[in-house]
Amino acid sequence: MDQPDARSQPYHEPVMLEEAVSWLEPARNGWIIDATFGGGGHSRELLRRHPLARVVGIDRDPDAVSQAPAGEPRLTVVEANHRNLRDILADDRFPDRVEGILFDLGVSSHQLDESERGFSYHREGPLDMRMGPDAPQTVAELIDDATERELVEILRRYGEERYARRIAAAIVDERPFRSTRELATTIANAVPAAARRRRHPARRSFQALRIAVNDELAGLGESLDAAIDLLEPGGRLVVIAYHSLEDRIVKRLFADRSTECSCPPDLPACACGATPDVVVLTKKPLRPSEDEVARNPRARSAVMRVAERRGER
Ligand SMILES: C[S@@+](CC[C@H](N)C(=O)[O-])C[C@H]1O[C@@H](n2cnc3c(N)ncnc32)[C@H](O)[C@@H]1O
């Protein structure tokens, strides 16, 4: 059944809003980067709570950038990929280092719900799924060009799809595809009847193709690494992930950059090369409350981690 159209829905309901704003409290008088601006829910709340804070919003989607409220002098929103964080901050309008950085990964509700963007297996639309014009290919083009093996790999790795082989074979058999519905129907027909009962059989494949086409994971480590370098001492990095592979990248990077020197104490100088530059503040990842998930089911897979830059302020 078709879902209600995106135009009748709010742009995006911010996830773990209270938690994100609280962890970024030490940045209340400084500069904060919202690296995934989306509908600007987190940015707006940060500006509302902290009258002295300034926010730089970043989004690769021109549609999200166009939603930015006009006439808010403390907010600047730029269309860019957060992979280019260092270049973005090199702009004269911004400082070299900031007090807080937020990444709220994944897609916005608006992107998912707007049929024309082609993200949804529920809605008829062009098979696109690019978050922004910087993504080199649409999903339709990726499917045209990929080998069956490459498709199996994408479906397995990014979708953890157990019927990856069958689905990839059916896709190769029936391509080209130009619409979301055509692809969703082919996928549904490729899986055993029992697998069609619980959740939509195309859910994992659509997620996998979206991650591949937007190269969502490849650049994430780089972006987070740059984010840590760009924090002032005492500055905080808050990351909300929605996929286990995303969260694994965050967890590993936080572990790498917080590792203490493991040399024996009697060694005159460090030989292991570990120079911890962050402290991880969330020993266990935080999750949204039950109330939030009941109110906003899209929050259910959210996982938040927070790190603080070491050093004297
Ligand atoms: C979950 S939404 C953010 C929602 C936002 N926090 C709010 O409250 O409205 C994620 C946003 O990040 C953007 N995005 C994803 N990957 C990006 C990247 N590599 N660079 C810049 N923006 C990205 C998407 O276009 C999307 O608008």
*asked:* Taking 2.2 N^0.38 Å as the expected size of a compact globular protein, what ratio does the Cα radius of gyration of the chain give against it, to two decimals?
replied: 1.07
*For the range 232-256 versus the range 129-206, the gap between their alpha-carbon centres in whole angstrom*: 29
*Neighbour-count order for Ser262, Ser108, Ser289, fewest beta carbons within 10 angstrom listed first*: Ser262, Ser289, Ser108
_Please list, by residue number, every one of the GluC sites (Glu not before Pro) in the range 241-313 that is coil in DSSP and has at most 14 other beta-carbon atoms within 10 Å._
Glu260, Glu312
*Pulled fully out, how much extra length does the chain show between Ala269 and Ser66, if you take 0.36 nm times their separation in residues and subtract their Cα-Cα distance?*
67.8 nm
*Are there trypsin sites (Lys or Arg not before Pro) in the range 5-104 that DSSP marks as loop and that have at most 13 other Cβ atoms within 10 Å, and which are they?*
Arg93
*Magnitude of the Cβ-charge dipole of the chain, K/R +1 and D/E -1, about the Cα centre, nearest 20 debye?*
1120
*For the range 2-97, what does the alpha-carbon gyration tensor say about shape, rounded, prolate or oblate, given a ≥ b ≥ c as the root eigenvalues, a/c under 1.5 as rounded, and a/b over b/c as prolate?*
oblate
*What FRET efficiency, computed as 1/(1 + (r/R0)^6) with R0 = 45 Å and r the Cβ-Cβ distance, is obtained for Thr147 and Glu116, rounded to the nearest 0.05?*
0.95
*For the chain, list the DSSP H helices whose alpha carbon atoms reach 24 Å or more along the long axis and whose average Kyte-Doolittle value is -0.5 or above?*
none
*Over the Cα atoms of the range 118-171, how large are the radius of gyration and the largest Cα-Cα distance (Dmax), in Å?*
11.7, 31
*Given R₀ = 30 Å, FRET efficiency for Arg198-Glu18 by Cβ-Cβ distance, to 0.05?*
0.40
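FYI, it's all coordinate maths here, none of it is from the lab. If you're wondering where the values come from, they're calculated on a predicted model, not measured in any experiment. Heads up, the Cβs are rebuilt from the backbone with ideal geometry, glycines too, and the neighbour counts pull from every protein chain shown.
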